[in-house]
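First comes the structure, then the notes that go with it.
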6 protein chains.
Amino acid sequence: MRKIKIVRNYNKFALGSCLFCMGDTQVLCNATMQQGQPPHLKGTNSGWITAEYFMLPQASSQQRSSRQQQLTSGRSKEISRIIGRSLRAVVNLDLLGPNTVVVDCDVLQADGGTRTAAINGSFVAIYDLFQRLVSEGKLTQNPITKFIASISVGVVNGKKVVDLSQKEDNNAEVDTTIVMTENKELVELQFTAEKKLYDIKLLNELILLGWKSIKKIIRLEKKMFNLDKSVITL
Amino acid sequence: MRKIKIVRNYNKFALGSCLFCMGDTQVLCNATMQQGQPPHLKGTNSGWITAEYFMLPQASSQQRSSRQQQLTSGRSKEISRIIGRSLRAVVNLDLLGPNTVVVDCDVLQADGGTRTAAINGSFVAIYDLFQRLVSEGKLTQNPITKFIASISVGVVNGKKVVDLSQKEDNNAEVDTTIVMTENKELVELQFTAEKKLYDIKLLNELILLGWKSIKKIIRLEKKMFNLDKSVITL
Amino acid sequence: MRKIKIVRNYNKFALGSCLFCMGDTQVLCNATMQQGQPPHLKGTNSGWITAEYFMLPQASSQQRSSRQQQLTSGRSKEISRIIGRSLRAVVNLDLLGPNTVVVDCDVLQADGGTRTAAINGSFVAIYDLFQRLVSEGKLTQNPITKFIASISVGVVNGKKVVDLSQKEDNNAEVDTTIVMTENKELVELQFTAEKKLYDIKLLNELILLGWKSIKKIIRLEKKMFNLDKSVITL
Amino acid sequence: MRKIKIVRNYNKFALGSCLFCMGDTQVLCNATMQQGQPPHLKGTNSGWITAEYFMLPQASSQQRSSRQQQLTSGRSKEISRIIGRSLRAVVNLDLLGPNTVVVDCDVLQADGGTRTAAINGSFVAIYDLFQRLVSEGKLTQNPITKFIASISVGVVNGKKVVDLSQKEDNNAEVDTTIVMTENKELVELQFTAEKKLYDIKLLNELILLGWKSIKKIIRLEKKMFNLDKSVITL
Amino acid sequence: MRKIKIVRNYNKFALGSCLFCMGDTQVLCNATMQQGQPPHLKGTNSGWITAEYFMLPQASSQQRSSRQQQLTSGRSKEISRIIGRSLRAVVNLDLLGPNTVVVDCDVLQADGGTRTAAINGSFVAIYDLFQRLVSEGKLTQNPITKFIASISVGVVNGKKVVDLSQKEDNNAEVDTTIVMTENKELVELQFTAEKKLYDIKLLNELILLGWKSIKKIIRLEKKMFNLDKSVITL
Amino acid sequence: MRKIKIVRNYNKFALGSCLFCMGDTQVLCNATMQQGQPPHLKGTNSGWITAEYFMLPQASSQQRSSRQQQLTSGRSKEISRIIGRSLRAVVNLDLLGPNTVVVDCDVLQADGGTRTAAINGSFVAIYDLFQRLVSEGKLTQNPITKFIASISVGVVNGKKVVDLSQKEDNNAEVDTTIVMTENKELVELQFTAEKKLYDIKLLNELILLGWKSIKKIIRLEKKMFNLDKSVITL
């Protein structure tokens, strides 16, 4: 796993804000809670969490991508959805009332693993958002039920690799995104055969490899919150 | 698994065309090969496969959805991408030349499992498309390397279920889409905890459960192609 | 006139649903009634009927068309409007209350005459929709005042032709769409000189030619409803 | 028929430009010829004519309409198409070479009959455009084969009316747009039953009524071109 | 300064309407007052004024521009904003109540100075709009506090020029738009170095040069309103 | 003037990259040079510079703004244009060849003065971009002809203020953006009366006030480049 750096309260206006760095990948995650619910919750008292993943036009080593393209690209939408699902899995939505938490994940620099950094940064951002809303009396308790973290694992040139860089990702035979809780439960798993086909045994090995990193990230975040640190690295 | 019905050559104009029905879910998959490559292949002689998933406005039991919404929804884009990746994993893209295969997956009736029906129908449609292109001398051989099939598995009220209907899907604790080859290799796997969190052991059980259905679907398709049947049911 | 096949209740979720086939042209028409009125009816108790015509990307013998193009194309919008006007002409909108009937017309296979098949299929779909709404107590009576049907007529190589196929349409000197009631009243008439110019006498001959087919279609539909048949052919 | 006023060369930059007024309706029609063909003509040496109808936001007595709405409205697209078809019917497209004539029809003031004024103004604009291109040596001859004109006819409170104002249009039982050549040939005919249903006899009466006005408009235009007048009224 | 021509009440449906001509530049400005406020005024009783600048596709001597492009172009939006700001600076918005004045500025012919003609024409249009609303009892008094006018000044081939034509504008070294009140106060000033860099002294000279024309335009408008003239020229 | 902090090479993939902070305002400016020219330069060997200003959804103290809104907002487009014009005024475009420099200005945190910070950061970013292109042999010399800097000045509660914060901006009577060269030449000047009207004398005082800060910023940048510092503060 590459070097990790977490900066809390990066943006002074956003209620929850975290710059999450994994290697040279940097994702700025800002969280806010707005009034209103998606249509399918109308009539209930339950809230919702949604995320918007966006890569800045010159964030990656590849050619400049246009903002309009980023905004409507299937890739951005697919990643936005996995972030939202991951967060909702460990938040008691009934505690939010008829409100929607929106997390904006802006990739400032992209060197692989942007979706996992976005999930990790979003988790930190909503944790801080909820703490602040509790202290302001707008929530009765922090609705997060468990800690989660995310990591990418894959097979590159026949070798299992964790936290792939952009270069490794481009050569990956298999690419997997894992989101797990502190209790080793699965939240999201996306396995994709890119260049080679493997069986279920490999999948299990990749999950266990990923779990080792996920444990470390969760431990780091807990330490950061317990000691109330603004910046922490691993 | 619900009843399966496969209709080949459903549309007489599309070169590859398949209506794939699983229970009350019906997806019409039309495939064509067009000149041109995506930007990242420019300069190579390799082709590409892409899919477009679209749900007709009144296809499902829920409220009418607008076409514009369908076209830009994250859900449609996420599903389109998994279809494309699944097909590309078992097609030798170098044999296509600088061309792009486009598969349109139109959901005529939606009762759960539309993405797995779309993957299965798309596979049949490109198989027939390639056969026709071979017979017309436009391809030297069918570039498909292996058969694949897809199935959804999940946990509903604590019980493992295969090929979930819309009603089961709405109550699922865990929802998983599996795409595997005839050799039991994993192509795509998307696991999502919806209401409850489970561990890796459950994931393995779900994959094995899904594999049983995948085997049956692949066997059915092989029989259909071997006997050159227009319609086949299971 | 080419062979006609009408399938009622094609989609099990849509309240009104009809697959209307004329020759190799197949249009799926689904109808629903939603709350709400267009702006110009606000303040009244009158309802509205609107239609959306859409051709599936690979429906026709010509090149694949993109969905975005279909959605915004002038041709689609022009046809949607003629369908809506035709239906409104024979429905007592005051009986609908402040609601809007939406008919989605998806062309599954296009071999000429898609707009006339869409009008015919839409009529069957709203007839069944209204019957169901009456039986559910949501409407006091079926608001349809008269039966209508539509047919295309034209001149191809100097000869008058009814129900033009795609190939005939491409060579037509004159192309006309006729919508008439069971009482031989005109609902909509669109005459277009494509390659040659003719006078009013020809127009009258074309209308009389079309009327013969319209009569047959209306008779077929009445028989279908009276005998409560699911499928009927001519 | 209401008062007609035709202003040629209204815009000094457009090669063909005409302000066509019918009663209080004013439509500015500018025509230009651009390089390029629509896809279906690629490979031929034939040209094309297309039109874009657009109503300025505060042109009509009704509420301000937004430009975005105007640009994508079905009504605008339907009218744009009838203008284009009408012009193409009397232009020898082979003489244009691989070029496209674009006519922009901007409704400055809308008091009914905007589509017929747009057709009439467009005809004058392309006539002058072609004359200028001939004089500049860019065309060998004016490709217009016949004069056309357009008029609206309808039934209001049981009485047949020609050139309906907005107020008459709102109360019309039947609304018909007629485009005919100087030889009494039909180019386009759009008949719509709005509030009442009539038979074929009425249609013939309406056509003959319209023909009287069409004759007058064509005579006026011929006089204007022959005397090379800038402004002419009727 | 080029010849000026002002036509009041150009469009008979718009409550405020002015065709403002400067040289060969013609801008049609229509004004209306609608219910509703922008979000940032919600909860207050204050109104707003906004403008929409739009150039007709063939208005200028350059190539035809598409409407979609015009609608979203940065240039159109920048000009729309300066018009809105200029008008708001001399209108007591509190007198409008929770309403929004919208001014549509359609450039019929563009020969330089379209933005200044649009500001001048918009001022005349809202003046008449407010007068009419006062006479209809919908406003208690005309909320305009001062007269404004706008002119462009610049440096062309080393010489200071006022009211630049398109040709002069294309060769300008410096381009400045000035909006001032009848009391010589600055409302908006936009100075742009296009080809050469000058110091503050030049800026002051340009402002004084512009002020001379602004005075004349304001005097002309006052005369027009005092004498209640429909058309006035300078 | 508030505290300034400049971070060079903020993004490791962008060829020119600068994080420019003024007070709590932070703008990340990334610059790249792409092949291609805007239409009006086709046929010449001259290049172009364009900028895209974008505010991250939760960057400011106000409500979250949607990305789609930001992308199409008039404010974003107006600011993008002033950045582009300012840079082009001091770059010899002929030295760029048929290429376009694109500067993306992403506002990470917005506390007033985002447009001036964007201009300043963009200047640093293109300076470094050009240096790098020179060292790679892709440009023969740095095409920048002069240093520029930008500052906002205004009147708040009757007092002249420089480098306005968001709070000051909201209360400003007059708001002015100034861009000047190291030689005290004017590049861009945008003066807007927001709540009160002043005369030319005030404008001159504001310009001189702004010039003091501009001098300091340019001096700081020159020091940074001369000493080749990565980070510098004032």
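The values are calculated or read from the model by the stated rules, or taken from the named source; none is laboratory data. This is a predicted model, so every value here is computed, not measured. Here the Cβ is made from the backbone with ideal geometry for all residues, glycine too, and neighbour counts use every protein chain on show. Heads up: the accessible areas ignore ligands, DNA and RNA and are worked out on the full protein's heavy atoms, side chains in. Shrake-Rupley method; radii C 1.70, N 1.55, O 1.52, S 1.80 Å.
Our Cα-only numbers for the stretch B:84-168 put the radius of gyration and Dmax at 16.0, 53 Å. Solvent-accessible surface of protein heavy atoms, probed at 1.4 angstrom with all chains present, puts E:Leu227, B:Leu139 in the order E:Leu227, B:Leu139, largest first. Carbon-plus-sulfur accessible fraction, the protein assembly as shown (probe radius 1.4 Å, protein heavy atoms only): 46%.
For a straight C-alpha distance cut-off of 17 angstrom, the aspartates and glutamates reachable from A:Lys42 (same-chain residues fewer than eight places away being disregarded) are A:Asp94. Each Lys and Arg contributes +1 and each Asp and Glu -1, all at the Cβ; summed about the Cα centre of chain F, the dipole is approximately 320 debye.
Near the amide H of D:Val101, within less than 5 Å, lie the amide hydrogens of D:Gln34, D:Trp48, D:Ile49, D:Thr50, all on another chain or at least 5 residues away, with H placed in the peptide plane.
What aspartates and glutamates does D:Lys167 reach when the alpha-carbon gap must be under 17 Å and sequence neighbours fewer than 8 apart in one chain are set aside? By straight Cα distance, D:Lys167 reaches D:Asp24, D:Asp111, D:Asp175, D:Glu194.
Look at where the Cα atoms of the stretch E:28-63 and of the stretch E:145-189 average out, and the two centres are 23 Å apart. Per-residue shielding of E:199-209, expressed as the average number of other chain Cβ atoms within 10 Å of the residue Cβ, stands at 3.
Give me the tail of P(r) for the protein assembly as shown as a percent: Cα-Cα pairs with distance above 63 Å. Each step should come with its number before you reach the end.
Working: 161760 of 984906 pairs.
Counting pairs separated by more than 63 Å, the tail of P(r) holds 16 percent.
Both chains summed, the buried accessible area for E and F stands near 2700 Å², from protein heavy atoms and a 1.4 Å probe.
So how many Å³ per residue does the convex hull of the Cα atoms of the stretch E:20-110 work out to?
102 Å³
With an 8 Å Cα cut-off and a minimum separation of 6 or more residues, compute the relative contact order for chain E in percent.
Once normalised by length, the contact order is 22 percent.
The calculated P(r) of the stretch A:144-234, using every Cα pair and 5 Å bins from 0, goes 3, 14, 24, 20, 15, 12, 7, 4, 1 in percent. When F:Met22, F:Met33, A:Met1 are compared by accessible area at a 1.4 angstrom probe, the order from most to least is A:Met1, F:Met33, F:Met22. Computed over chain A with a Gaussian network model linking Cα atoms closer than 10 Å, the most mobile of A:Val124, A:Val153, A:Val161 is A:Val161.
About its Cα centre, what dipole magnitude does the protein assembly as shown give when the only charges are +1 on Lys and Arg Cβ and -1 on Asp and Glu Cβ, stated in debye to the nearest 20? Mind dumping the intermediate values first?
Details: 186 positive and 132 negative charges, 1 e Å.
That gives the protein assembly as shown a dipole magnitude of about 0 debye.
So for each of F:170-177, F:131-138, A:144-151, B:39-46 I average, over its residues, the number of other beta carbons within 10 Å; can you give me the resulting order with the highest mean first? Provide the component values of the computation, followed by the final result.
Working: F:170-177: 19.6, F:131-138: 13.2, A:144-151: 21.9, B:39-46: 11.0.
Descending packing order for the listed peptides: A:144-151, F:170-177, F:131-138, B:39-46.
In deg cm²/dmol and to the nearest 500, what is the mean residue ellipticity at 222 nm of the protein assembly as shown if only DSSP H runs of at least 4 residues count, each as -39500 (n - 2.57), divided by the residue total? It would help to have the intermediate numbers written out before the result.
Details: 30 runs with 452 residues, N = 1404.
Using -39500 (n - 2.57) per qualifying helix, the result is -10500 deg cm²/dmol.
Over all other residues within a Cβ to Cβ distance under 12 Å of D:Arg219, the charged ones net out to +3, with Lys and Arg as +1 and Asp and Glu as -1.
Taking the Cα centre of the stretch A:148-234 as origin, sum charge times position over the Cβ atoms of Lys and Arg (+1) and Asp and Glu (-1), and report the length of that vector in debye to the nearest 20. Working shown, then result.
Values: 14 positive and 13 negative charges, 81 e Å.
Taking the Cα centre of the stretch A:148-234 as origin, the dipole is about 380 debye.
Counted by Cβ distance under 11 Å from A:Ser86, the other residues give a net charge of +3, where Lys and Arg count +1 and Asp and Glu count -1. Applying 1/(1 + (r/R0)^6) with R0 = 35 Å to the Cβ-Cβ distance of D:Lys196 and C:Ser230, what FRET efficiency is obtained, to the nearest 0.05? Once the sixth-power term is evaluated, E becomes 0.50. For peptide E:21-30, the mean count of partner chain Cβ atoms within 10 Å of a residue's Cβ comes to 2. Counts of other chain beta carbons within 10 angstrom of each beta carbon in peptide F:55-63 average 6. For the stretch B:149-200, the share of alpha carbon pairs falling in successive 5 Å distance bins from zero is 5, 22, 30, 21, 14, 8, 1 percent.
Near E:Phe13: Cβ cut-off under 11 Å, other residues only, Lys/Arg at +1 and Asp/Glu at -1. The net charge is 0. In the stretch A:182-234, taking the dipole from charged Cβ atoms about the Cα centre, the farthest positive-side position among A:Leu206, A:Phe191, A:Leu227 is held by A:Leu227.
Each Cα pair of the stretch D:66-215 feeds into the Kirkwood radius, which the Stokes-Einstein equation turns, at 25 °C and 0.890 mPa s, into a diffusion coefficient of 148 µm²/s. Each copy carries E:Thr44; placing its label point 7 Å along the C-beta direction from Cα gives inter-copy distances of 4.0, 4.0, 4.4, 5.8, 6.0 nm, listed from smallest up.
Scoring F:211-223, F:64-76 by mean Cβ neighbours within 10 Å over their residues and listing the highest first yields F:211-223, F:64-76. Per-residue packing, averaged as other Cβ atoms within 10 Å, sorts the ranges C:186-198, F:106-118, C:78-90 into the order F:106-118, C:78-90, C:186-198, beginning with the highest. Position C:Ser65: other-copy label points at 2.3, 2.3, 3.1, 3.1, 3.8 nm, ordered by increasing distance, label point 7 Å along Cα→C-beta.
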